[in-house]
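Trainee: The structure that follows is given in the form of structure tokens.
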Amino acid sequence: MKDVKWVELTVFVLLFALVSVLGFVASRWRRAESLDHLDEWGLGGRSFGPWISWFLIGGDIYTAYTFVAVPGLMFAVGALGFFAVPYTILIFPMAFVVAPRLWSVAHRHGYVTPADFVRGRHGSSTLALAIALTGIVATMPYIALQLVGIGAVLKTMGINGEWPLVIAFVVLAAYTYQSGLRAPALIAFVKDALIYLVVLVAVIYIPIKLGGFDAIFGAANKKFAASKPPTDGTLLPDAQILGYSSLAFGSALALFLYPHSITGLLATRSRDTIRRNMAALPAYSFVLGLLALLGLMAIAAGVKPLTGASGKPDTNTVVPLLFDKMFPDWFAGVAFAAIGIGALVPAAIMSIAAANLWTRNIYKEYLRPNATHAEEARMSKLASLVVKAGAVAVILLLDPQFSIDLQLIGGVLIVQTLPAIVIGLYSRAAHAWGLLAGWAAGLGSGLYMLYDTPNPVTGKTHFGGAQYALTHFGLDTKVTLYTGVIALAVNLLVTFLVTAVVRMTKGAPLPDQTTPEDYGVESGDPGVEALPEGEHAPVPSAGR
Amino acid sequence: MADDPAQHVRSDAPPKPRESGRGWNWLLIVPFFGTFFPWIYNSRSPELIGLPFFYWYQMAWVPISVIITVLVYRATTGRRP
């Protein structure tokens with residue numbers, strides 16, 4: 001341990017210890033009668049107002065992996081990495097319209113997971129199972145990637161063993177088990193305060209030290225001009241333009257379909273809280289844009305990424321190395337803590353969301369239909385431990401590259417739940433069997449295209465990226481499109497074809513638990529706290 | 001924005017006025033047109049404090065989209081009792 005940076009490490013450990021204490025204390029924060037109900041443990045009592053939700057949802061979707069991977073991508077290929085900015089600009093106006101409907105119907109019927117809604121709306125537990133499994137599979141590698149974020153920071157501080165990662169996750173698992181969603185909600189305040197501080201200091205201090213943005217872009221242009229592949233640069237090559245916007249658009253569609261994003265949405269106190277948040281959350285996008293520029297600053301600063309497990313340069317270490325190089329030790333420690341704590345918040349919410357899916361849509365649906373609320377909460381708490389242990393095992397036993405591939409696949413997979421959820425929020429135009437067939441077709445075609453994508457830069461023959469070359473469709477062009485968007489088109493086509501066939505053969509219609517009024521209710525309206533069957537009070541229509 | 005637990009429990013209270021004027025939602029499509037077509041902003045000039053157009057143009061859409069969303073929120077949210 002001779003190369004350990006002790007000042008940085010001390011600051012890091014102190015801040016880490018502080019949030020761990022917060023995580024345990026959180027169980028007493030806004031205290032409920034008991035945590036023996038999934039609404040309490042898994043959704044924080046569905047009570048978070050606009051401020052807490054802003055921190056929680058922001059902490060949830062802007063993860064540590066984002067903080068290291070987006071600048072890492074900028075460092076490696078340039079302009080393409082900036083897709084994170086239009087991506088987060090596109091998402092919030094869409095969510096502003098759609099997400100309140102999900103909130104209302106979920107509160108009316110006590111839904112905890114997206115699959116709960118799908119089951120109630122489309123009347124098919126098989127479709128709900130498909131949605132739940134997709135959610136779990138897409139979330140698992142995402143949790144593992146949070147470990148990659150912490151690992152990058154530890155490596156930069158000179159700590160190479162695996163035990164510190166394990167300790168961090170054991171502590172995280174313990175307070176998530178204890179406090180449920182209240183833990184990440186409370187820690188999110190610290191996380192964001194640190195992130196904003198570090199980013200603001202970084203984007204003012206580092207460019208001044210490097211001689212301004214002119215010098216930074218000059219150095220970046222020189223690097224990209226010297227490198228072999230023509231796909232990099234500080235502007236987009238023509239062939240990548242469509243890939244850039246389709247990636248931004250597809251990622252935006254995916255974001256609020258991830259189970260952990262929906263957990264954050266459903267934990268809010270009111271429909272109005274969500275609407276306010278969708279207007280206020282883009283503040284994070286601005287920070288993300290500034291962070292992305294750090295990737296180019298690292299080029300100008302002459303950062304050389306550390307070597308990863310596979311023997312190739314690990315671009316995830318670029319931002320930590322830049323901080324290490326430019327900041328005094330104590331502030332670099334603060335910056336590393338910001339990234340490390342930035343990993344804990346989403347990892348906690350993701351494991352809660354995955355555990356809820358398991359409990360509600362597999363355990364209660366198929367294994368113990370009569371499970372009480374207390375049993376549900378207990379099962380979810382245990383499942384959250386299993387999920388985290390699984391994530392650690394994946395990172396320790398497999399090449400981290402494998403998690404990155406899986407996360408790439410995860411984004412393509414989760415978009416395939418869009419028709420069932422988003423179309424479902426507006427109409428029953430799509431039949432459950434059509435949705436199931438479309439889901440399968442979207443998954444199948446998406447996986448095939450990912451398998452069929454080589455990466456000439458890394459020398460991989462399969463799963464080389466999520467940009468599918470249009471030459472595969474017989475077009476004579478270099479243009480690529482985001483795989484998730486193509487697979488979604490296949491999904492929608494099959495969904496409506498099969499729906500038409502089902503409607504023609506006139507099978508018995510499947511039941512729908514919801515009424516049109518359910519999608520517009522606000523907290524305080526009659527029946528928002530799920531009434532027993534038959535007591536549905538009339539609710540004034542929401543204006544359509 | 002203070003906590004008002006009373007609002008949460010009062011399930012027999014008269015419903016609050018809610019969103020109206022859904023037509024305003026169409027404004028939300030503006031950020032989409034601003035950012036979805038990189039052809040319009042994939043250039044180096046005009047630069048701003050050394051940042052190529054590509055970068056500061058997209059960053060500028062963050063506050064613009066916030067303003068638009070807040071506008072739509074104000075216009076579609078009924079007054080509370």
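Trainee: Non-local amide H neighbours of A:Ser124 (under 5 Å, H modeled in plane, Pro and chain starts lacking H): which ones?
Mentor: For A:Ser124, no residues qualify.
Trainee: A further question follows. Using only C-alpha positions, report the orientation-averaged shadow area of the convex hull of region A:382-439, nm², one decimal.
Mentor: Working: hull surface 22.1 nm².
Taking a quarter of the hull surface, the average projection is 5.5 nm².
Trainee: Could you give the length gained by full extension between A:Val25 and A:Ala283, i.e. 0.36 nm per residue of separation minus their alpha carbon distance, to one decimal place?
Mentor: Working: separation 258, 0.36 × 258 = 92.88 nm, distance 2.85 nm.
Extra length available between A:Val25 and A:Ala283 comes to 90.0 nm.
Trainee: Can I ask one more? Kirkwood hydrodynamic radius, region A:273-417, all distinct C-alpha pairs: what's the number in Å? Don't skip to the answer; put the middle values down first.
Mentor: Values: mean 1/r = 0.0533 Å⁻¹.
Here the Kirkwood hydrodynamic radius works out to 18.7 Å.
Trainee: Report, for the protein assembly as shown, the % of DSSP beta bridges that are antiparallel, rounded to 5. Display every interim value, and only then the final one.
Mentor: Values: 6 of 8 bridges.
Antiparallel bridges: around 75 percent, rounded to the nearest 5.
Trainee: Could I ask something else about it? List the residues whose amide H sits under 5 Å from the amide H of A:Gln467, counting only those 5 or more places along or on another chain, with H placed 1.01 Å from N in the peptide plane.
Mentor: Excluding prolines and chain starts, which carry no amide H, the hits are A:Thr483.
Trainee: Which one of A:Ile195, A:Ile299, A:Leu357 has its Cα pushed farthest toward the positive end of the charge dipole of the protein assembly as shown, where Lys and Arg give +1 and Asp and Glu give -1 at the Cβ?
Mentor: A:Ile299
Trainee: Here is a follow-up. Can you work out the FRET efficiency for the pair A:Gln513 and A:Trp51, with r the C-beta to C-beta distance and R0 = 35 Å, to the nearest 0.05? The partial results should precede the final answer.
Mentor: Numbers: r = 33 Å, r/R0 = 0.93.
Computed FRET efficiency for A:Gln513 and A:Trp51 comes out at 0.60.
Trainee: Defining a contact as two alpha carbons under 8 Å apart and six or more residues distant in sequence, what relative contact order in percent does chain A show?
Mentor: On the way: 904 pairs, mean separation 158.5, N = 544.
Value for chain A: 29 percent.
Trainee: Moving on to the next point. Given the Cα atoms of region A:342-431, and with Rh set as the inverse mean 1/r over their pairs in the Kirkwood sense, what is Rg to Rh to two decimals?
Mentor: 1.05
Trainee: Mind putting a number on the dipole of the protein assembly as shown about its Cα centre? Charges go on the C-beta only, +1 for Lys and Arg and -1 for Asp and Glu, and I need it in Debye to the nearest 20. Before the final figure, lay out each step's value.
Mentor: Values: 44 positive and 37 negative charges, 83 e Å.
The dipole of the protein assembly as shown has a size of about 400 debye.
Trainee: With a sphere of radius 10 Å drawn around the Cβ of B:Tyr73, what net charge do the other residues whose Cβ falls strictly inside it have (Lys, Arg +1; Asp, Glu -1)?
Mentor: +1
Trainee: Here is a further query. Just want the answer: with Cβ charges of +1 for Lys and Arg and -1 for Asp and Glu, which residue in A:Pro237, A:Gly212, A:Leu253 is farthest toward the dipole's positive end in region A:175-314?
Mentor: Comparing the listed Cα positions along the dipole, A:Leu253 ranks first.
Trainee: Relative to the compact-globule scaling 2.2 N^0.38 Å, provide the ratio for the alpha-carbon radius of gyration of region A:1-137. All intermediate terms of the calculation are to be shown ahead of the outcome.
Mentor: Details: Rg = 20.0 Å, N = 137, 2.2 N^0.38 = 14.3 Å.
Here the answer is 1.40, to two decimals.
Trainee: Only counting other Cβ atoms within 10 Å, I'd like A:Asp399, A:Asp405, A:Asp116 sorted with the fewest neighbours first.
Mentor: Numbers: A:Asp399 13, A:Asp405 18, A:Asp116 25.
Starting with the residue having the fewest Cβ neighbours, the order is A:Asp399, A:Asp405, A:Asp116.
Trainee: Taking the Cα centroid of region A:118-158 and of region A:332-391, what is the distance between the two, rounded to the nearest whole Å?
Mentor: Computed from Cα coordinates, the inter-centre distance equals 10 Å.
Trainee: Which of A:Tyr426, A:Val148, B:Leu48 sits farthest toward the positive end of the charge dipole of the protein assembly as shown, with +1 on the Cβ of Lys and Arg and -1 on the Cβ of Asp and Glu?
Mentor: Final value for the positive-end residue is B:Leu48.
Trainee: I want to check the label-to-label distance for A:Leu475 and B:Ile49. Put each point 7 Å from Cα in the C-beta direction and report it in nm to one decimal.
Mentor: 3.9
Trainee: Let me ask something else. For every other residue with a beta carbon closer than 14 angstrom to the beta carbon of A:Ala239, add +1 if it is Lys or Arg and -1 if Asp or Glu, then tell me the sum. Numbers along the way, then the final one.
Mentor: Values: positive: A:Lys478; negative: A:Asp232, A:Asp238, A:Asp476.
Counting the neighbours of A:Ala239, the net charge comes to -2.
Trainee: Multiply the residue separation of A:Tyr426 and A:Ala193 by 0.36 nm, subtract the distance between their alpha-carbon atoms, and state the gained length in nm to one decimal. Could the numbers behind the result be given before it?
Mentor: Numbers: separation 233, 0.36 × 233 = 83.88 nm, distance 3.76 nm.
So the extension gain works out to 80.1 nm.
Trainee: Below 8 Å, C-alpha to C-alpha, sequence gap of six or more: please give me the relative contact order for region A:345-412 in percent. Could you put the intermediate results ahead of the total?
Mentor: Values: 29 pairs, mean separation 22.6, N = 68.
About 33 percent, as a whole number.
Trainee: To the nearest Å, what is the center-to-center distance of region A:163-224 and region A:259-275, using C-alpha atoms only?
Mentor: 24
Trainee: Relative contact order, percent, of region A:53-147 when contacts are C-alpha pairs under 8 Å separated by at least 6 residues? Please report the intermediate quantities before stating the final value.
Mentor: Details: 32 pairs, mean separation 19.3, N = 95.
Computed over region A:53-147, the figure is 20 percent.
Trainee: With a 10 Å Cβ neighbour count serving as the proxy for reagent exposure, in which order, fewest first, do A:Phe327, B:Phe54, A:Phe256 appear?
Mentor: Numbers: A:Phe327 21, B:Phe54 18, A:Phe256 25.
Fewest to most other Cβ atoms nearby, the residues stand as B:Phe54, A:Phe327, A:Phe256.
Trainee: Treat each spin label as a single point 7 Å out from the Cα along the C-beta direction, and report the A:Val201 to A:Leu447 distance in nm.
Mentor: If labels sit at A:Val201 and A:Leu447, their model points lie 4.7 nm apart.
Trainee: Could you work out the helix-only [θ] at 222 nm for chain A, with each DSSP H run of four or more residues adding -39,500 (n - 2.57) and the total divided by the number of residues, to the nearest 500 deg cm²/dmol?
Mentor: Values: 20 runs with 352 residues, N = 544.
Theoretical 222 nm ellipticity from helices: -22000 deg cm²/dmol.
Trainee: Let me ask you something else. Give me the one-decimal nm value for the distance between modelled label points at A:Val7 and B:Thr77, 7 Å along each residue's Cα-to-Cβ direction.
Mentor: 4.6
Trainee: Right, next: In angstroms, what radius of gyration and Dmax does the protein assembly as shown have, counting Cα atoms only?
Mentor: 23.8, 74
Coordinate-derived values only; no laboratory data. Source: prediction; values computed, not measured. So basically every Cβ, Gly included, is an ideal-geometry build from the backbone, and we count neighbours across all protein chains shown.
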